[in-house]
Amino acid sequence: MGREYTVIMKNVRYLIKRTFEILFAVLFLTSGCAPAQSAEQAAESSAAQSATSEASDEIESIQTQTASPAPTASPTPEPTPTATPTSVPTPTAVPTPVPVSDEELNSGALDSFFNDSVLIGDSMTSGFSHYIIAQRDKDGACLGNMKCIGESGLFLKLAYQVEIGKRLPGLPYRGRNYSVSDLVQLLGVKTLYLMLGVNDGYAYSSTIEDSIHHFDEIIRYTREKSPDVRIVLITIPPVLKIYAQKYPCDPRYNFDVNEALYRYCEENGFDVVELAERLRGEDGYLDRTYCSDNAFHLNYDGDAVWLAALREYARTQYETGAWTPEETGN
């Protein structure tokens, strides 16, 4: 019994010992493995988190690069040019023309206006040239250095035919004959005063349309050869009533042809010197006091009226500012 008891107790102690060993082993294993496993899991978790963070960073970087393209260098704005102040020229005061009295005008105060010009016409112009020469002999100057060249019997249609080479002679000058255009070109003048047409409606039965057409053709040829020449037309003078009655011409012809001449000049930019109205009498025809024959040729009183008409034209140009005496150096 004692021995059995001993054996039993020995076995119990062995079992208890083994039990404690097992418990210690379990505890050891539990305490040794769990921390290692936890550290490994923590490392794996940290690595996973790091990888996730890096992946997340890469994703964000890719998204950022995709959503926002790389900024390009903004061009440097060009400086706004500063306007260089320019000095505004002080407008030159245009002098107000000093009025010219009739006495001054008649004494030739504005006659330099007619320098470098020529007056071309028929026998009336030829007679006027003699009057101007006489005035120059008397006063020393008249109408500047204007030349007056006329040919007896010259009328618009004939002058036009001379232009196109169908008729001769034309205008005589220094032993030769010229057309209007050739003479203007030869003289090299700045202004042409043209006075033709008194014969056309009466002696040659030209219509008003014919007269204007011939004016236009003569001027066209002249401008082709002398494009810078200034053209001034003179209204066609009236004739005596007894002369007009010899021809089957409308008594209104002279009025109507001059009205047409005014319209033509207005349309083409030519000036007109009004002579016809200055010479017209109460009956509408040429005033007998200005006529040297029974037709239309002027005497010295009539030529004086013509001179006055030209000078009045010069005064108009002066007073409107279209011309000043300084332009001709006189």
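The values are calculated or read from the model by the stated rules, or taken from the named source; none is laboratory data. Not measured: the values here are computed from a predicted model. Using ideal geometry, Cβ is built from the backbone for each residue, glycine included, and neighbour counts are taken over all protein chains shown.
What to note about this one:
- Positions within the stretch 159-184 being within 23 Å of residue 227 (Cα to Cα) and among the aliphatic types (A, V, I, L, M), in sequence order: 159, 162, 164, 171, 180, 183, 184
- Matching residues in the stretch 98-124 - criterion: being in a helix (DSSP H, G or I) and farther than 17 Å from residue 187 by Cβ: 102, 103, 104, 105, 106, 111, 112, 113, 123, 124
- Residue in the stretch 125-135 that is at pLDDT below 95 and assigned to a helix (DSSP H, G or I) present: no
- Neighbours by Cβ (under 6 Å, 6+ apart or cross-chain): first from the stretch 256-267, charged (D, E, K, R); second buried (at least 17 other Cβ atoms within 10 Å of the Cβ) and part of a helix (DSSP H, G or I): 256/208
- Qualifying residue in the stretch 260-271 (condition: under 13 Å from residue 197 (Cβ atoms) and in contact with a Gly (Cβ under 9 Å, 6 or more places away or on another chain)): yes
- Some residue of the stretch 200-219 being part of a loop (DSSP other than H, G, I, E, B), on the phi < 0 side of the Ramachandran plot, modelled with pLDDT of 95 or more and buried (at least 22 other Cβ atoms within 10 Å of the Cβ): no
- Check on residue 182, farther than 27 Å from residue 274 by Cβ, in the same structural domain as residue 248 (by TED's automatic domain parsing), out of contact with any His (no Cβ under 8 Å at 6 or more places or on another chain) and among the acidic types (Asp, Glu): yes
- The one condition in (1) surrounded by fewer than 22 Cβ atoms within 10 Å (Cβ to Cβ); (2) hydroxyl-bearing (Ser, Thr, Tyr); (3) in contact with a Lys or Arg (Cβ under 6 Å, 6 or more places away or on another chain) that residue 181 fails to fulfil: (1)
- Only listed residue being within 41 Å of the chain's Cα centre (by Cα) and either within 25 Å of residue 204 (Cα to Cα) or at pLDDT below 95 (or both), chosen from 168, 154: 154
- Matching residues in the stretch 245-303 - criterion: being among the polar types (S, T, N, Q), touching a helix residue (DSSP H, G or I) at 6+ places or on another chain (Cβ under 7 Å), surrounded by fewer than 20 Cβ atoms within 10 Å (Cβ to Cβ) and part of a helix (DSSP H, G or I): 289
- Members of the stretch 205-227 found to be among the aromatic types (Phe, Trp, Tyr) and more than 15 Å from residue 262 (Cα to Cα), listed by number: 221
- Unmet requirement for residue 144, which otherwise passes all of (1) within 18 Å of residue 232 (Cβ to Cβ); (2) surrounded by 22 or more Cβ atoms within 10 Å (Cβ to Cβ); (3) of a type outside the set (S, T, N, Q): (2)
- The stretch 168-188, residues that are part of a loop (DSSP other than H, G, I, E, B), over 23 Å from residue 298 (Cα atoms) and either out of contact with any helix residue (DSSP H, G or I) (no Cβ under 9 Å at 6 or more places or on another chain) or small (Gly, Ala, Ser) (or both): 174, 175, 179, 188
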